[in-house]
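A short reminder: the numbers here are calculations on the coordinates, not readings from a lab. Quick caveat, the model's predicted, so the values are computed rather than measured. Heads up, the Cβs are rebuilt from the backbone with ideal geometry, glycines too, and the neighbour counts pull from every protein chain shown.
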Amino acid sequence: MSVLSKTILRKISLLNMVAVALFVFTAFPAVAQKQSLTMAYWWGPKHHMSKSQQGWAGEVAKASGGDLVIKIDTARIGKPPGQYDLVRTGVRDMVWFIAGYTPGRFSLYQVAELPFVCPNATTCGPALWQWYAENGLEKEEFKDSKLVASFVHGPGLLHSNKPYKTVDSLIRVKVRAGGSNVAIGKALEMAVVSMPASGAYEAIQRNTVDAIFFPWEAVNSFRLNEVAKQHLEVPGGMYASSFGFNIGRKSWDGLTAANKAALMKAGGKSGSKMMGAYWDAADKVARNDALGRKDNVITTLAPAEVVKLKKKLDLVRRNWIDMANKKGHDGQKLYEDFLAKVRANAG
């Protein structure tokens, strides 16, 4: 065989090898890559989020076929207002944060915290996710992380050491507030004492405050039914607090395409609804507990008083719209669109 013939055969053999390699690469999917993410947890072991967060992590593992595992801290790292910064600085891959604990950073995201817009967490969580995504607001407020799921707690109400049955009776009442309900308290002319949720029990026990803003869930999580035995419910929900799961940009970029897809399958609108359902279930447990206690009294604000309350709290809504306008948005349009999303998710 001539040198030329041998050279031709070698080239044909090489081309065949390349062809076989391309066939194998395209005909069979890439081998799945197992990855893990660290996630902070910062409330006590008795809080429902201890189990709820684990439940959601289970959905991530399921969606990824076990290839993506979220390892959740068993002890608190960082203070509540600093949770978002844990992913920004790379201390943890993921966290769950409270938007109201970092004033001014997530002002648009806090639309869910406005009075009388969130009837329950199961409805409002997915509505917030959908509204935020469809209006392209994530790129404006989450520049150093990626939002994975949005959720809120159930309707906020007032828990106190003595009964308050009218809007006027709340004037100058010392109230513990945090996050979104600081503006609520000020609009009602209450004497607002800002403090983290963890300080509420001692504050009302020592009469540092007379009342506290919280959803029902917190009554059990922070044992408040021992010291705040009067509960004033407001039809339609006086306020909510907006939360979220987020992942640092570097951590997100390090995931495989398959694991990114799995994370967002477990997150997104479905994960937001799931987390909302966890909060509503916790509310139901706590309210039933209060009903079973002889020394706990639940009062529903009368219709005429609700009208007064809405009138006073409209200032909070108008302030949010003005803020959105100053950021270059049509605040009224955004607000109405969010209400439409809530109605659609309630159906």
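Taking each of Lys273/Lys341; Lys62/Lys284; Lys46/Lys260 in turn, the alpha-carbon distance tops 21 angstrom for Lys62/Lys284; Lys46/Lys260. Figure legend: label point modelled 7 angstrom from the Cα of Asp253 along Cα→Cβ; residues of region 63-106 with amide N under 17 Å from it are 87-94. Shape verdict for region 161-215, please, from the Cα gyration tensor: rounded (a/c under 1.5), prolate (a/b greater than b/c) or oblate. Because a/c hits 1.5 or more and a/b fails to exceed b/c, region 161-215 counts as oblate. About the centre of its Cα atoms, the chain shows a dipole size close to 560 debye [charges on the beta carbon of Lys, Arg (+1) and Asp, Glu (-1) only; nearest 20 debye]. Relative contact order, whole percent, for region 69-225 stands at 19, derived from Cα pairs under 8 Å and 6 or more residues apart. Straight-line cross-link partners of Lys165 among the lysines, defined as a Cα under 22 Å from its Cα and at least 8 positions apart when in the same chain: Lys174, Lys186, Lys229, Lys294, Lys308, Lys310, Lys311, Lys312.
To test your reading of the geometry: what angle, between 0 and 90 degrees and rounded to tens, separates the Cα axis of helix 268-291 from the longest principal axis of the chain? Computed tilt is about 30 degrees.
Computed extension length for Glu233-Val297: 22.0 nm, one decimal, from 0.36 nm per residue of separation with the Cα-Cα distance subtracted.
Fraction of C-alpha pairs exceeding 20 angstrom in region 99-206: 49 percent, rounded to a whole number.
In the chain, the DSSP-assigned H stretches of four residues or longer account for a calculated mean residue ellipticity at 222 nm of -14500 deg cm²/dmol, using -39500 (n - 2.57) per stretch and the full residue count as denominator. Can you tell me the relative contact order of the chain? Whole percent, Cα pairs under 8 Å, sequence separation 6 or more. In percent, rounded to a whole number, it is 24. Pairs of Cα atoms nearer than 8 Å and 6+ residues apart set the relative contact order; for region 143-258 it is 45 percent. Give the shape of region 216-347 as rounded, prolate or oblate, defined through the alpha-carbon gyration tensor: a ≥ b ≥ c are the square roots of its eigenvalues, a/c under 1.5 means rounded, and otherwise the shape is prolate if a/b is larger than b/c and oblate if not. Verdict is oblate for region 216-347.
Taking amide hydrogens as placed 1.01 Å from N in the peptide plane, the amide H of Asp210 sits under 5 Å from those of Lys174, Val175, Arg176, each at least 5 positions away in sequence or on another chain. Straight Cα distances below 16 angstrom link Lys71 to the aspartates and glutamates Glu59, Asp93, with same-chain residues fewer than 8 positions distant left out. Within the chain, DSSP assigns beta bridges of which about 55% are antiparallel (rounded to the nearest 5).
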